[in-house]
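Here's the structure we're looking at; comments come further down.
Read-outs throughout are calculated quantities, based only on the coordinates presented, and are distinct from any laboratory measurement. Bear in mind the structure is a predicted one, so any value in this text is a computation, not a measurement. Quick reminder, even Gly has a Cβ in these numbers, built from the backbone with ideal geometry, and neighbours come from all protein chains shown.
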Amino acid sequence: MKNYAFFIAAILAIGCSSNDELNKEEYPVFEEKHKTHTPDLNNPTVNSVEVKNSAHFHTIEIKQMKFLPAELTLQSGDTVMWINNDFVLHDVTEENKKRWTSAPIATGESWSKIVTESAEYFCSLHVVMKGKLTVE
Amino acid sequence: MASMFAPPIVFAQNNPKLTDAEVASVAVVANQIDISYAEIAKKKSKDAEILKFADTMINDHNAVIGQAAALVKKLGVTPKDNAVSQQLLSDAEKTKKVLNSKSGKAFDKAYTDNEVAYHKAVIGAIENLLIPETDNPELKELLTNVVPALKTHLGHAEMVQKMLTGN
Ligand SMILES: [Cu+2]
């Protein structure tokens, strides 16, 4: 399960290279489930773009009822992927105004979001589980 | 606070030596009991926070039971009924009678107080009785992995408890 999730994380990092040319301002709420993503593995430029993109791709593992890391500093437009490696359902929900939510994430699945502003978030299923994103 | 409930501390009192098959039975029963409390809450409460909490209890405790079921199948162990499981069930019957006799805010308070007390008791029992008594390393690991979820539930129940007294 765990290996699967990290494999997917790697695939998404590669897959996101195709979005590199997009003007992010036009796609401020771009987000997706990794499952629907079809990376172009035949694209010969994949490797170089992957390296370039990795600084803007972050994974947060959900395990033993914690977001790991619980606090993350990133740049506007970076992609964050939460991976549920716990044995129960969790979600990722903006805490103060409920501006966004992942909806429940099953064991072994993940959810990604392009982050453009700082946020305090929590799991609405386990309200004491909290995390923080700080956009520099 | 929990005086109206039979205190679920039977584990520590009897301090019996449990086999792994008996530990598995206790683990399943303890989770089933919390699901049965949540089902009462879903019928009786109108408080949104309590209803959400009860849903989480049903989901999570079912997930634990699923894990336990998969493990005992893998180990070829059949959970074995025992004095601790039976005592837990008979205490739960008393608690369910108390819960069923209440309604409105009195029910919300009784349910939440019991969730706090029950999770404290189960966490104590797992850490101090079940884990030390378990021989099988995988069963030990499962029990160890369940504790953070139970602690999160306890924190959540305590938050709801505070919210109710603030009203
Ligand atoms: Cu959660």
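Remarks
- Cross-link pairs beyond the 24 Å C-alpha cut-off, checked among A:Lys66/B:Lys105; A:Lys66/B:Lys120; A:Lys130/B:Lys105; B:Lys44/B:Lys94: A:Lys66/B:Lys105; A:Lys130/B:Lys105
- Amide H partners (placed H, <5 Å) of A:Asp78, local residues excluded: A:Val115
- When segment B:19-165 is described by a simple charge dipole with +1 on each Lys and Arg Cβ and -1 on each Asp and Glu Cβ, the residue from B:Ala63, B:Leu75, B:Val98 located farthest towards its positive end is B:Val98.
- Shielding by partners - mean other protein chain Cβ count within 10 Å, residues of A:113-125: 1
- Ordered by the number of other Cβ atoms lying within 10 Å of each residue's own Cβ, fewest first, B:Phe107, A:Phe87 fall into the sequence A:Phe87, B:Phe107.
- For the peptide B:139-145, the mean number of other protein chain Cβ atoms found within 10 angstrom of a residue's Cβ is 1.
- Cβ-Cβ FRET estimate between B:Leu75 and A:Asn96, R0 fixed at 45 Å, reported to 0.05: 0.45
- The amide H of A:His90, built 1.01 Å from its N in the peptide plane, has A:Ile105 as neighbours under 5 Å, considering only residues 5 or more places off or on other chains.
- Spatially, segment B:81-140 and segment B:45-73 are offset by 14 Å when compared through their Cα centroids.
- Order of B:Leu130, B:Leu154, B:Leu75 under a 10 Å beta carbon neighbour criterion, fewest first: B:Leu75, B:Leu154, B:Leu130
- A straight Cα-to-Cα reach below 21 Å connects B:Lys17 with the lysines B:Lys80, B:Lys140, residues fewer than 8 places away in its own chain not being considered.
- Given charges at beta-carbon only (K, R positive; D, E negative), |dipole| of chain B in Debye: 580
- Sites B:Ala106 and B:Lys52 - FRET efficiency at Förster radius 25 Å, r taken between beta-carbons, to 0.05: 0.80
- Legend: ranking of residues A:Met81, B:Met57, B:Met159 from fewest to most surrounding C-beta atoms inside 10 Å; resulting order B:Met159, A:Met81, B:Met57.
- Dipole-positive endmost among B:Gln87, B:Tyr118, B:Met163 within segment B:19-165 (Cβ charges, Cα centre): B:Met163
- Based on alpha carbons, the Rg and Dmax found for segment B:101-167 are 15.0, 47 Å.
- Partner shielding of B:44-56 amounts to 1, given as the average count of beta-carbon atoms from other chains within 10 Å of each residue beta-carbon.
- Length-normalised contact order of segment B:19-165 in % [C-alpha pairs under 8 Å, at least 6 apart]: 33
- Share of pairwise Cα separations in segment B:19-165, more than 19 Å, in percent: 50
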